[in-house]
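> Quick one: this structure, given as structure tokens, is what I'll be asking you about.
The values are calculated or read from the model by the stated rules, or taken from the named source; none is laboratory data. None of these values were measured; they are calculated from a predicted model. Cβ sites come from the backbone with ideal geometry, for glycine too, and all protein chains shown count toward neighbours. For accessibility, only protein heavy atoms count, side chains too; no ligands or nucleic acids. Shrake-Rupley method; radii C 1.70, N 1.55, O 1.52, S 1.80 Å.
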Amino acid sequence: MTSSSDRSQAVDVQEPKTYEVRTYGCQMNVHDSERLSGLLEGAGYVRAPEGSDGDADVVVFNTCAVRENADNRLYGNLGRLAPMKTKRPGMQIAVGGCLAQKDRDTIVKKAPWVDVVFGTHNIGKLPVLLERARVQEEAQVEIAESLEAFPSTLPTRRESAYAAWVSISVGCNNTCTFCIVPALRGKEKDRRTGDILAEIEALVGEGVSEITLLGQNVNAYGSDIGDREAFSKLLRACGQIEGLERVRFTSPHPRDFTDDVIAAMAETPNVMPQLHMPLQSGSDPVLKAMRRSYRQDRYLGIIEKVRAAIPHAAITTDIIVGFPGETEEDFEQTMHVAREARFSAAFTFQYSKRPGTPAATMENQVPKEVVQARYERLVALQEQISWDENKKQVGRTLELMVAEGEGRKDGATHRLSGRAPDNRLVHFTKPDQEVRPGDVVTVEVTYAAPHHLLAEGAVLDVRRTRAGDAWEKRNAAEAPKPAGVMLGLPKIGAPEPLPVATGGGCGCD
């Protein structure tokens, strides 16, 4: 017989509160969002089901201040949640990230239904701030001026069982005139090498087989201690970690890209033959106006050295079109670099003013129609180059790490998708035996498109991995799997270049 106390206890049992994280911006924001999810789950929240679209007990916006009209986008999304919150007593909304660091009290003034505003330096405070807002019944705005804890030291809820971000530094010491990130993320602060390697070893122990070293200016690592070769030493140390199959990094800066890094890439087997090297402009006068501390010859010299040491390296870049004062001659220099560098992909952006940056007040702003026309010419050129470079892959035998969610048409085409060592996306014929994300397959490339490759023949080999085991275990434990953190670009692995983009890049490199 059930006692009255047992019945009362049963009545008092409450469903755990749900959360949803919406992420915009760069890789660092993606990394931060995995930590925000880990913090919330550590505080007892569970992720909202897929498709909840704001119908969660806590909705967190991890914002970016870089893109054009980022604030309008945020306030539009907040406005759509206002009536939902009115109908759901107890629902909470939090805003963090770069825009929160920049606008602070403005967010609560424009959207008084927001409960918590936190910055880039104190993401670890989110659960405490949510509870304080609930108890005190008023908005909590807390913006730290300096980093309280490296994001990687916080609890995490990673989106992938087989690939992970590892932060090696935060902040940036550069002063690019188009970028507001240093003002919001602060000066560069490096993490201890031992802590980085310990995290990587722990991740490998959990089944992760691919890591991406992450920093706003990743190859400036070591500036805190004055060791210019610290980054190349870190790459070589990653090569000694048993079970770590793939190492990538993003984003480097041409100023700090030294020969020892190229040597470490070429001589460390698990460092992948892939390099994302932001160009921004091919014109020396524009680079000077951008306050970029390299010139065209220096940039192309790096590309030449990388290709000599790693012949099959895939090199990608960021380019801004229409920076203030850019002439037709300046733009032609950018086109020249694109032809010479033969990028496998380029993330191209139309310049737009960013409040708070020196470039926003520069004279000779380029008319929108001129920027658009130049942008279209550059995209057309790069599209052809990307296609030509991909055609060179036809006939090659490649080892792919099977990916999750990268092939939008896989179900209809009966294919699976994976990433080659150089990070090219390859769709391949689904084999008869089971293949899991994180497993490795060997295929022969039969067809090339500008942004992907096809391997239409039979899979040559399947290697089941600990990473695949980790994916299988995780999904078995979570079935039916709830929605993931709503991450914006980029994912693990390079996303396909967008056909239209404005805002001038993320400014993190």
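> Of all residues in region 372-400 being under 21 Å from residue 311 (Cα atoms) and among the β-branched types (Val, Ile, Thr), which is nearest to the chain's Cα centre (by Cα)?
Step one: of region 372-400, the residues under 21 Å from residue 311 (Cα atoms) are 382, 384-400.
Imposing the further condition that a residue be among the β-branched types (Val, Ile, Thr) reduces the set to 385, 394, 397.
Numbers: 385: 24, 394: 29, 397: 28 Å.
Within region 372-400, the match that is nearest to the chain's Cα centre (by Cα) is 385.
> From the list 438, 407, which one is at pLDDT 95 or above and under 30 Å from residue 476 (Cα atoms)? If you could, list the steps in order and put the result at the bottom.
Numbers: 407 fails: at pLDDT 95 or above.
Answer to the selection: 438.
> Taking region 445-464 only, how many residues are over 29 Å from the mean Cα position of the chain (by Cα) and under 30 Å from residue 381 (Cβ atoms)?
2
> Among the residues of region 25-52, which ones are among the charged types (D, E, K, R) and either open to solvent by 30 Å² or more (accessible area, probe 1.4 Å) or under 19 Å from residue 163 (Cα atoms) (or both)?
Of everything in region 25-52, those that are among the charged types (D, E, K, R) and either open to solvent by 30 Å² or more (accessible area, probe 1.4 Å) or under 19 Å from residue 163 (Cα atoms) (or both) turn out to be 32, 34, 35, 41, 50.
Condition check ((1) surrounded by fewer than 15 Cβ atoms within 10 Å (Cβ to Cβ); (2) hydroxyl-bearing (Ser, Thr, Tyr); (3) in contact (Cβ under 8 Å) with a residue 40 or more places away in the chain) across all residues:
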residue	(1), (2), (3)
191	no, no, yes
197	no, no, yes
202	yes, no, no
207	no, no, yes
212	no, yes, yes
219	no, no, yes
222	no, no, no
226	yes, no, no
240	yes, no, no
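> Name the residue, out of 145, 131, that is open to solvent by 70 Å² or more (accessible area, probe 1.4 Å), of a type outside the set (Phe, Trp, Tyr) and outside any loop (DSSP other than H, G, I, E, B).
On the way: 145 fails: outside any loop (DSSP other than H, G, I, E, B).
Result of the check over 145, 131: 131.
> Cβ contacts < 7 Å: first residue open to solvent by 10 Å² or more (accessible area, probe 1.4 Å), restricted to region 449-469; second residue small (Gly, Ala, Ser) and assigned to a helix (DSSP H, G or I), any location; separation 6+ or different chain. Result?
450/386; 451/386
> Return the residues of region 394-408 that are buried (at least 21 other Cβ atoms within 10 Å of the Cβ) and within 19 Å of residue 450 (Cα to Cα); say none if nothing qualifies.
Within region 394-408, 398, 400, 406 meet the criteria.
> Looking only at region 173-215, how many residues end up being closer than 21 Å to residue 353 by Cα and of a type in the set (Lys, Arg)?
Of the residues in region 173-215, 1 are closer than 21 Å to residue 353 by Cα and of a type in the set (Lys, Arg).
> Please list, ordered by first then second residue, the pairs with beta carbon atoms under 6 Å, 6 or more apart or interchain, first in region 355-375 and in contact (Cβ under 8 Å) with a residue 40 or more places away in the chain, second in a loop (DSSP other than H, G, I, E, B) and among the hydrophobic types (A, V, I, L, M, F, W, C).
These pairs meet every condition: 356/180; 357/178; 357/180; 359/178.
> Which fully enclosed helices (runs of 4 or more DSSP H) of region 282-347 have 1 or more residues being open to solvent by 50 Å² or more (accessible area, probe 1.4 Å) and of a type in the set (A, V, I, L, M, F, W, C)?
Output list reads 296-309.
> Follow-up question, since we're still on this one. Consider residue 434 against the criteria (1) of a type in the set (D, E, K, R); (2) in contact with a strand residue (DSSP E or B) (Cβ under 9 Å, 6 or more places away or on another chain); (3) open to solvent by 60 Å² or more (accessible area, probe 1.4 Å); (4) closer than 27 Å to residue 250 by Cβ: it satisfies all of them except one. Which criterion is unmet?
Failed condition: (4).
> Quick one: count up the residues across region 65-108 that are open to solvent by less than 10 Å² (accessible area, probe 1.4 Å) and of a type in the set (Gly, Ala, Ser).
Going through region 65-108 one residue at a time, the tally reaches 4.
> Would you say residue 280 is touching a strand residue (DSSP E or B) at 6+ places or on another chain (Cβ under 6 Å) and at positive phi?
Taking the combined requirement at face value, the residue satisfies it.
> Within region 245-281, how many residues turn out to be among the aliphatic types (A, V, I, L, M), open to solvent by 10 Å² or more (accessible area, probe 1.4 Å) and outside any helix (DSSP H, G or I)?
Matching residues across region 245-281 total 1.
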